[in-house]
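Chemist: Structure in structure tokens, see below.
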Amino acid sequence: MNKKQKLEYIWKAIRKAHPKKTLVFSDGSPNNKIMIIGEAPGIDEENQGLPFVGRAGKLLIATLEKLSCPRSEFYISNVVKYRPQNEFGKTLTPTLKEIAIFRTSIEKEIEIINPKIIVLLGRIAMVGMGIKGTMGANHGKIITRDNKKILIVYHPAAILRNPNLKPIFRKDLSKIKKMSQS
Ligand code: URA
């Protein structure tokens, strides 16, 4: 089985486990060596069926492009594959239970992609990977695990809420280029 077929196998299991949810899987070639992991799709992602295409995604991609890292170089995914919402359709942050439900599948996804570098966007992605600590303390850190380098970065939605964090966001993301060259 090639990587695409292996991924399809995981998606099939997720579809079976969540038949009533609108699911959003990944974007980008599974052969890319840098994997971005976010939290969960938002409304725009749900509508378009792709991760990081809404406001936060546009900010992320624009920042990466300025750093000479185009979207095409990444394999982009989320810990939770559906948009958590309340009964009125308002988007919610994934719960610890939802993160736990998706823990095995994100681990399998990483195993299939086998990226050299993983960029974790925000607290949920960090928790999903079992990394402790706050974003304030961990952003910009590079952790080595299973021969992979994991970079922790603020979620772009946090930058939309607090534009003062923009230079930090850019500085943390700028580490990707150096990491991919070493
Ligand atoms: N936020 C995320 O964490 N993931 C997306 O795909 C979109 C917004």
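The values are calculated or read from the model by the stated rules, or taken from the named source; none is laboratory data. All values derive from a computational prediction rather than experimental measurement. As a convention, Cβ positions derive from the backbone with ideal geometry for all residues, glycine included, and neighbour counts pool all protein chains shown. For accessibility, only protein heavy atoms count, side chains too; no ligands or nucleic acids. Shrake-Rupley method; radii C 1.70, N 1.55, O 1.52, S 1.80 Å.
Chemist: Please sort by residue number the GluC sites (Glu not before Pro) in the range 1-110 whose DSSP state is loop and whose Cβ has at most 15 other Cβ atoms within 10 Å.
Modeler: Here the sparse-neighbourhood loop sites are 87.
Chemist: Can you give the Rg to Rh ratio for the range 9-68, taking only C-alpha atoms and Rh from Kirkwood? Intermediate values should be presented prior to the final figure.
Modeler: Working: Rg = 13.1 Å, Rh = 12.9 Å.
Using only Cα positions, Rg/Rh for the range 9-68 is 1.01.
Chemist: Please identify which residues in the range 148-164 have an amide N closer than 12 Å to a label point set 7 Å out from the Cα of residue 33, following the Cα→Cβ vector.
Modeler: 149
Chemist: Follow-up question, since we're still on this one. Sum -39500 (n - 2.57) across every DSSP H segment of at least 4 residues in the chain, then divide by the residue count to get the 222 nm mean residue ellipticity, nearest 500.
Modeler: Values: 9 runs with 83 residues, N = 182.
Value at 222 nm, helices only: -13000 deg cm²/dmol.
Chemist: State in Å² the accessible area per residue of the chain; use a 1.4 Å probe, count heavy atoms of protein chains only, and round to the nearest integer.
Modeler: Working: 9710 Å² over 182 residues.
Per-residue value: 53 Å².
Chemist: I've got another one for you. Kindly count the pairs of lysines across the range 1-45 whose alpha carbons are less than 19 Å apart, treating pairs on different chains or eight or more residues apart as eligible.
Modeler: For the range 1-45, qualifying lysine pairs total 9.
Chemist: Assuming 0.36 nm per residue, please report the length gained on full extension of the stretch residue 95 to residue 17 beyond their Cα-Cα distance.
Modeler: Difference between extended and current length: 26.4 nm.
Chemist: Right, another one. Using the basic label-point model (7 angstrom from Cα toward the beta carbon), what is the residue 6 to residue 171 distance in nanometres?
Modeler: My value for the distance between the label points is 3.7 nm.
Chemist: Around residue 92, with a cut-off of 11 angstrom between Cβ atoms, what is the net charge of the other residues, counting Lys and Arg +1 and Asp and Glu -1?
Modeler: In short, -1.
Chemist: Just check the range 78-182 against the gyration tensor rule for me: Cα atoms, a ≥ b ≥ c as the square roots of the eigenvalues, rounded for a/c under 1.5, and otherwise prolate or oblate depending on whether a/b exceeds b/c.
Modeler: The shape class here is oblate.
Chemist: Another question, if that's okay. Leaving out same-chain residues fewer than 8 places away, which lysines sit with a Cα under 23 Å from that of residue 132?
Modeler: Those lysines meeting the cut-off are 81, 97, 108, 116, 141, 148, 149, 171, 175.
Chemist: For residue 131 and residue 146 in one chain, what is 0.36 nm times their gap in residues minus the Cα-Cα distance, to one decimal in nm?
Modeler: That pair, residue 131 and residue 146, stretches by 4.0 nm at full extension.
Chemist: Taking Rh as the Kirkwood radius, which is the inverse of the mean 1/r over Cα pairs, what is the Rg/Rh value for the chain?
Modeler: On the Cα set of the chain, Rg over Rh gives 0.93.
Chemist: How much length is gained if the chain between residue 116 and residue 85 is pulled fully straight, taking 0.36 nm per residue apart and subtracting their Cα-Cα distance, in nm to one decimal? Present the calculation step by step, with values, prior to reporting the outcome.
Modeler: Working: separation 31, 0.36 × 31 = 11.16 nm, distance 3.32 nm.
Stretched out fully, the residue 116 to residue 85 stretch lengthens by 7.8 nm.
Chemist: Can you give the charge dipole size of the chain about its Cα centre, rounded to the nearest 20 debye, using +1 on the beta carbon of Lys and Arg and -1 on the beta carbon of Asp and Glu?
Modeler: On the way: 33 positive and 15 negative charges, 69 e Å.
Roughly 340 debye, rounded to the nearest 20.
Chemist: Follow-up. For the chain, return all DSSP H helices satisfying: extent of Cα atoms along own axis at least 20 Å; mean Kyte-Doolittle hydropathy at least -1.0.
Modeler: Passing helices, by number: 96-113.
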